[in-house]
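Let me begin by presenting the structure, written as structure tokens, before commenting on it.
The values are calculated or read from the model by the stated rules, or taken from the named source; none is laboratory data. On a predicted model such as this, the values are computed, not experimentally measured, just so you know. We place every Cβ from the backbone using ideal geometry, glycine too, and count neighbours over all the protein chains shown.
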Amino acid sequence: MDKGQQQIISAFDIKGKVAAVQPFGNGHINDTFRVITEGDNTPDFVLQRINHHIFRDVDMLMDNILAVTNHIRRKMEQQGVKDLDRRVLRFLPTHEGKYYHFDGESFWRLMICIADSESFDVVNAKYSHFAGLAFGEFQNMLADIPVKLGETIPNFHNMEFRLEEFREAVRNDRAGRVAKVRDLIDGIEQRAEPMCEGERLHRAGLLPKRICHCDTKVNNILFDHEGRVLCVIDLDTVMPNFIFSDYGDFLRTAANTAAEDEPDLSRVGFNMEIFEAFTRGYLESAHFLTDIEIAHLPYAAALFPYMQTVRFLGDYLNGDTYYKIAYPEHNLVRARAQMKLLQSVEDCMPKMKSLIVSIMNNY
Ligand code: ADP
Ligand code: GN1
Ligand code: MG
């Protein structure tokens, strides 16, 4: 542990002595560390450097997260849930009573590390079913949050906006990379109109925005050792959105037969067993869904690999300014893998539609 980290941690109101600080997790946005404490009486902590180039209003960000975690904790208390510090994130205040510490350069936050938990980049059907239940329940609990949450990243999952941003990246060609990705740009443009269906339905008053997590990557859930969901984490993007966000982004990550950035495209595909298990769980717990929302779930399964192709390729064209990359062509490899996943989802469209009809008929 270096002196800088020690100073940052000492800004927070915690008991116990720190034994070590280690890098933690596979997130693309924040820098995350596990803070290991001495002895068994103090929990370990998770220290995060907030990416304030992406989350520009850190006060709004932390106010949102505190509102969300307090609301969920109250609901769970009413339901008699035990072990609350493993079921909902708990952030620690600084000695000044704030929920982040600014060290002159970066913003830091500290939360309790959820003990005996696991996070995965790959899950089986059983875990996916529990994840479906958990995200339906998460949206359910937040439906009556009494405060208006801010949009921590404006237009985050607005497909029309993401396409405008992408077209600007193509026009500017800042990194001189457009010529070698023409095939991908064409694939994006061919699908642009149908992929903006969500925004059109919303303007026509047919599709509501509800409080969603908006980053339901499978590694943003912590499971216990039996595969049950303990806690939904990474709450930076909780905001009003179409439920498609939470449904689609989980499938984008969990139902992919390969990694998000798999270079061998023959390994990338859409796993219908995971699709079915997650969809069953989600439909079991998300009782509030309208017929239009349910009918568009297969659209949502396609929308997220599509949106992610647009976002990864856009970042590649801009010279890799948004996502952390591990090697120079990483964003292009990610974009190609997401396009391949999208093609595979498109092939499964008829099967997905009939499966959803049959699940709904059996309720
Ligand atoms: P990012 O926005 O960069 O994805 P996350 O908040 O998702 O950051 O944290 C990155 C990883 O750290 C998670 O995928 C998870 O493995 C681990 N992690 C984060 N918070 C906790 C926590 N409170 N308890 C246990 N593990 C955590
Ligand atoms: C980012 O923070 P992380 O790694 O869970 C991104 C998501 C993308 C995802 C792609 C704030 O998620 O929107 O879908 O990478 N988060 C933000 O893997 O942009
Ligand atoms: Mg994350």
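Here are the numbers:
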| quantity | calculated |
| --- | --- |
| Segment 220-248 - residue that is part of a strand (DSSP E or B) and not hydrophobic (A, V, I, L, M, F, W, C) and, of those, farthest from ligand 2 (Cβ to nearest atom) | Pro240 |
| Test: residue in segment 192-201 that is surrounded by 17 or more Cβ atoms within 10 Å (Cβ to Cβ) and touching a Ser or Thr at 6+ places or on another chain (Cβ under 7 Å) | no |
| Flag if Arg210 is among the basic types (Lys, Arg) and over 20 Å from Tyr306 (Cβ atoms) | yes |
| Extreme residue, nearest to Asn41 (Cα to Cα), among residues of segment 100-130 that are within 16 Å of ligand 3 (Cβ to nearest atom) and hydroxyl-bearing (Ser, Thr, Tyr) | Ser117 |
| Test result for His71, over 17 Å from Leu222 (Cβ atoms) and within 13 Å of ligand 1 (Cβ to nearest atom) | no |
| Filtered residue count, segment 1-26, keeping only those that are in contact with a Ser or Thr (Cβ under 7 Å, 6 or more places away or on another chain), more than 24 Å from Asn220 (Cβ to Cβ) and in a loop (DSSP other than H, G, I, E, B) | 5 |
| Failed criterion for Pro154 (all others in (1) more than 30 Å from Leu84 (Cα to Cα); (2) within 15 Å of ligand 2 (Cβ to nearest atom); (3) in a helix (DSSP H, G or I) hold) | (3) |
| Count of segment 214-271 residues which are without any contact (Cβ under 8 Å) to a residue 40 or more places away in the chain, within 26 Å of Lys351 (Cα to Cα) and away from ligand 3 (no atom under 16 Å from the Cβ) | 5 |
| Condition met for Glu160 (in contact (Cβ under 8 Å) with a residue 40 or more places away in the chain and within 24 Å of the chain's Cα centre (by Cα)) | no |
| Single condition Leu207 does not satisfy, out of (1) in contact with a Gly (Cβ under 9 Å, 6 or more places away or on another chain); (2) within 15 Å of ligand 2 (Cβ to nearest atom) | (2) |
| Residue in segment 88-104 that is nearest to His213 (Cα to Cα), counting only those that are out of contact with any His (no Cβ under 6 Å at 6 or more places or on another chain) and either acidic (Asp, Glu) or not in a loop (DSSP other than H, G, I, E, B) (or both) | Phe91 |
| Matching residues, segment 27-75, being assigned to a helix (DSSP H, G or I) and either free of Cβ contacts under 8 Å to residues at least 40 places away in the same chain or on the phi > 0 side of the Ramachandran plot (or both) | Asp59, Leu66, Asn70, Arg73, Arg74 |
| Selection status of Ala326, assigned to a helix (DSSP H, G or I) and at pLDDT 95 or above | no |
